[in-house]
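Encoded as structure tokens, the structure appears first; notes follow it.
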Amino acid sequence: MEVLKRKIIEEGIVLNDQVLKVDNFLNHQIDAALMLAIGQTFAKLFAEDGITKVLTIESSGIAPGVMTAMQLGVPLLFARKRKSLTLQEDLYTEKVYSFTKMEESEVTVSRKFLSPTDRILIIDDFLANGEAALGMARIVKQAGADAAGIGIVIEKSFQPGREKLLEQGYRVESLARIASLTDNQVTFVPDGAG
Ligand code: G4P
Ligand code: NA
Ligand code: NA
């Protein structure tokens, strides 16, 4: 997605060779017009997939997720993150380990918002190690629903997330794929690369 890549080049800050800061338009301040364009792009990619609900995870997935849901005419559901939780029967719960933050959290979704007839589009802001997306996919499975695919705003292709998701058979659509952040420079994966 060219407008997104341009935004990353113009406003993204390479913190180190692993982390891209995009507080200007995605993770803190939000560029609403860009989010709308992102939602339109995801909606187009998954237009023929019978999506009944978009699932994301708080907090940074919500902005692109809600725009996608609006374009598809379905609800957005966001998984909640908590440090630890006593078991609650009305929740689907999955543990998600963050390699970036070196901490485990529990992600939860109320059972009443997912059903076996749902076809879910999973959306997230970043794909790094894939743990958040895999956690959401496990929740979809717990509910007996289908995951039609995973839409990612910014994929760090030098980390293993994409491969892990593809290995498990998920369709992955990333709007910007970063090949490298070395030498303070953002390099994208060429369009059409596998
Ligand atoms: P994973 O799900 O792909 O395994 O990612 P990981 O645990 O490594 O990421 C932990 C958090 O850091 C996630 O946000 C993720 O979106 C974010 N993240 C990972 N790499 C980058 C990066 O290069 N730049 C930025 N800006 N964020 C990155 P989170 O903790 O869930 O926070 P939020 O959704 O509330 O923002
Ligand atoms: Na984030
Ligand atoms: Na996130």
Note to self: Just to confirm my numbers, what's the Cα centroid distance between the stretch 154-171 and the stretch 1-75 in Å?
What the structure shows: 17 Å
Notebook entry, point to check: If we restrict to alpha carbons, what Rg and Dmax does the stretch 101-161 come to, in Å?
Noted result: 12.4, 37
Next item on the list: For L91 and E10, compute 0.36 nm times the residue count separating them, minus their Cα-Cα distance, and round to one decimal in nm.
Entry: 25.0 nm
Note to self: Using the Karplus curve 6.51 cos²θ - 1.76 cosθ + 1.60 with θ = phi - 60°, what ³J(HN,Hα) values do you get for each residue of the stretch 100-113, in whole Hz, with x for Gly and Pro?
What the structure shows: 5, 9, 6, 8, 9, 10, 9, 10, 10, 9, 5, 4, 6, 9
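Between T182 and R82, what's the calculated FRET efficiency when r is the beta-carbon distance and R0 is 35 Å? Round to 0.05.
Values: r = 35 Å, r/R0 = 1.01.
Using R0 = 35 Å, I get an efficiency of 0.50.
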Next item on the list: Can you tell me the 0 to 90 degree angle between the C-alpha axis of helix 2-11 and the longest principal axis of the chain, rounded to 10?
Entry: 70 degrees
Next item on the list: Using amide H atoms built 1.01 Å from N in the peptide plane, name the residues 5+ places from L127, or on other chains, whose amide H lies under 5 Å from its own.
Entry: I154, E155, K156
Next item on the list: Excluding residues fewer than 8 places away in the same chain, name every one of the lysines whose C-alpha is closer than 21 Å to that of K156.
Entry: K5, K7, K21, K101, K164
Check: Quick one: if you stick a label point 7 Å off each Cα along the C-beta vector at K112 and E173, how many nm between them?
Finding: 3.1 nm
Notebook entry, point to check: What percentage of the solvent-accessible surface of the stretch 1-119, computed with a 1.4 Å probe over protein heavy atoms, is contributed by carbon and sulfur atoms?
Noted result: 52 percent
Next item on the list: Could you list which residues have their amide H under 5 Å from that of S174, counting only those 5 or more apart in sequence or on another chain, with H placed in the peptide plane?
Entry: I152
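Please return the longest stretch of the chain lacking exposed loop sites, where GluC sites (Glu not before Pro) count only if DSSP places them in a loop and at most 13 other Cβ atoms lie within 10 Å.
Numbers: sites that count: E48, E58, E89.
It runs 90-194.
Using 0.36 nm per residue of separation minus the Cα-Cα distance, give me the extension gain between K44 and D191 in nm, one decimal. Don't skip to the answer; put the middle values down first.
On the way: separation 147, 0.36 × 147 = 52.92 nm, distance 1.75 nm.
Taking K44 through D191 to full extension adds about 51.2 nm, to one decimal.
What number do you get for the chain when its Cα radius of gyration is normalised by 2.2 N^0.38 Å, N = residues?
Values: Rg = 16.0 Å, N = 194, 2.2 N^0.38 = 16.3 Å.
In units of the 2.2 N^0.38 Å rule of thumb, it is 0.98.
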Next item on the list: Using a 1.4 Å probe over the heavy atoms of the protein chains, calculate the carbon and sulfur portion of the accessible area of the stretch 146-186 as a whole percent.
Entry: 37 percent
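Determine the gain in length on full extension of the stretch D23-F99; use 0.36 nm per residue of separation and subtract their C-alpha separation, reporting nm with one decimal. Write down the numbers at each step before the final one.
Numbers: separation 76, 0.36 × 76 = 27.36 nm, distance 2.03 nm.
Additional length available on full extension: 25.3 nm.
Mind running the shape call on the stretch 79-194? Use the C-alpha gyration tensor, a ≥ b ≥ c as the square roots of the eigenvalues: rounded below 1.5 for a/c, prolate if a/b tops b/c, oblate otherwise.
On the way: a/c = 2.95, a/b = 1.60, b/c = 1.84.
The shape class here is oblate.
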Notebook entry, point to check: Angle between the Cα long axis of helix 32-45 and the longest principal axis of the chain, 0 to 90 degrees, nearest 10?
Noted result: 70 degrees
Note to self: Show me the trypsin sites (Lys or Arg not before Pro) within the stretch 1-95 that DSSP assigns to loop and that have at most 16 other Cβ atoms within 10 Å of their Cβ.
What the structure shows: K83
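For the chain, with every protein chain kept in place, what is the accessible area per residue (1.4 Å probe, Å²)?
Values: 9720 Å² over 194 residues.
It amounts to 50 Å² per residue over the chain.
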Item checked: the chain - percent relative contact order, Cα under 8 Å, separation 6 or more -> 19 percent
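The values are calculated or read from the model by the stated rules, or taken from the named source; none is laboratory data. What you are looking at is a predicted structure, and each value in this text was computed from that prediction instead of being measured. Virtual Cβ from ideal backbone geometry, glycine too; neighbours counted across all protein chains shown. Ligands, DNA and RNA are stripped out before the accessible areas are found, and what is left, the full protein with its side chains, is counted by its heavy atoms. Shrake-Rupley method; radii C 1.70, N 1.55, O 1.52, S 1.80 Å.
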